[in-house]
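Structure, as structure tokens:
The values are calculated or read from the model by the stated rules, or taken from the named source; none is laboratory data. Since we're looking at a predicted model, the values are computed, not measured. All Cβ positions, glycine included, derive from the backbone under ideal geometry; neighbour counts span all protein chains shown. The protein model used for the area step is the full one, side chains on, heavy atoms only, and it has no ligands, DNA or RNA in it. Shrake-Rupley method; radii C 1.70, N 1.55, O 1.52, S 1.80 Å.
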Amino acid sequence: MSEGATRRPDFSLRRLLTTLGVALAVPLLVLQAWWSVHDYRSAREHAEANALAVADAISLGVTQFFGQAEDLMMATADRLEPGWLEPEMCSAHVQDAAAVFPFLLNVLAVDAEGRVPCSAHPAPPDVSAREWPWFPEVSADPVFTLGEPAEADITGGWILPLVAPVTDGAGRFAG
């Protein structure tokens, strides 16, 4: 070629195929990245919806459980006869309640002074309900109470106290 002549561009087949491959690959890679982000967001939204549905179902189940436990425990407390704290009668009531409520870690009776005359699990003689967080609240206002989680003095495990108060004929706290 002479100096004044223009040079023709190199349109070899290899160069054309490489350019075509890159021209096709870039949009495909962008499309794949967009699709991956879309799938991730969709999966995350689906997982969040499923987690909320599971949480709602658990909440409903727990609410129903505590509602039924309250109904059963209050009905049991309402049926106690006079002398329910006498050792023989108290032990029989506690054992019957433990059989009716097998999901409870322990069933016990507490008198108005905070003493524990009987328990499904042997209670140390120095145990006093007066030291338990729920006792002042229930003795002041005798209604079913769901206490705060605590380490049990009798069983040693962690418990969530379910307290069904027993009232006397005048509606005062009896235990």
Take the residues of segment 4-50 that are charged (D, E, K, R) and loosely packed, with under 10 Cβ neighbours inside 10 Å: which is modelled with the highest pLDDT? 14
Could you please let me know if residue 59 is surrounded by 10 or more Cβ atoms within 10 Å (Cβ to Cβ), among the polar types (S, T, N, Q) and touching a strand residue (DSSP E or B) at 6+ places or on another chain (Cβ under 7 Å)? no
If you take the residues of segment 155-171 that are at pLDDT 85 or above and part of a loop (DSSP other than H, G, I, E, B), which of them is farthest from residue 67 (Cα to Cα)? 166
When you go through (1) part of a helix (DSSP H, G or I); (2) among the polar types (S, T, N, Q); (3) at pLDDT below 85 one by one for residue 139, which number turns out not to apply? (3)
Any idea which residue in segment 112-121 is surrounded by the fewest Cβ atoms within 10 Å (Cβ to Cβ), counting only those that are over 29 Å from the mean Cα position of the chain (by Cα) and assigned to a loop (DSSP other than H, G, I, E, B)? 113
Out of 99, 109, 75, 53, I need the residue that is of a type in the set (A, V, I, L, M), more than 21 Å from residue 138 (Cβ to Cβ), open to solvent by less than 70 Å² (accessible area, probe 1.4 Å) and modelled with pLDDT of 85 or more. Which one? 53
Could you tell me whether residue 175 is within 16 Å of residue 80 (Cβ to Cβ), of a type in the set (Gly, Ala, Ser) and surrounded by fewer than 16 Cβ atoms within 10 Å (Cβ to Cβ)? no
Considering segment 55-95 alone, what residues qualify as being acidic (Asp, Glu) and either assigned to a helix (DSSP H, G or I) or in contact with an Asp or Glu (Cβ under 9 Å, 6 or more places away or on another chain) (or both)? 56, 70, 71, 78, 88
Of the residues that sit in segment 142-161 and are open to solvent by 60 Å² or more (accessible area, probe 1.4 Å) and touching a Pro at 6+ places or on another chain (Cβ under 9 Å), which one is nearest to residue 174 (Cα to Cα)? 143
For the list (1) more than 24 Å from residue 169 (Cα to Cα); (2) part of a loop (DSSP other than H, G, I, E, B), I need the number of the one condition that residue 44 fails. (2)
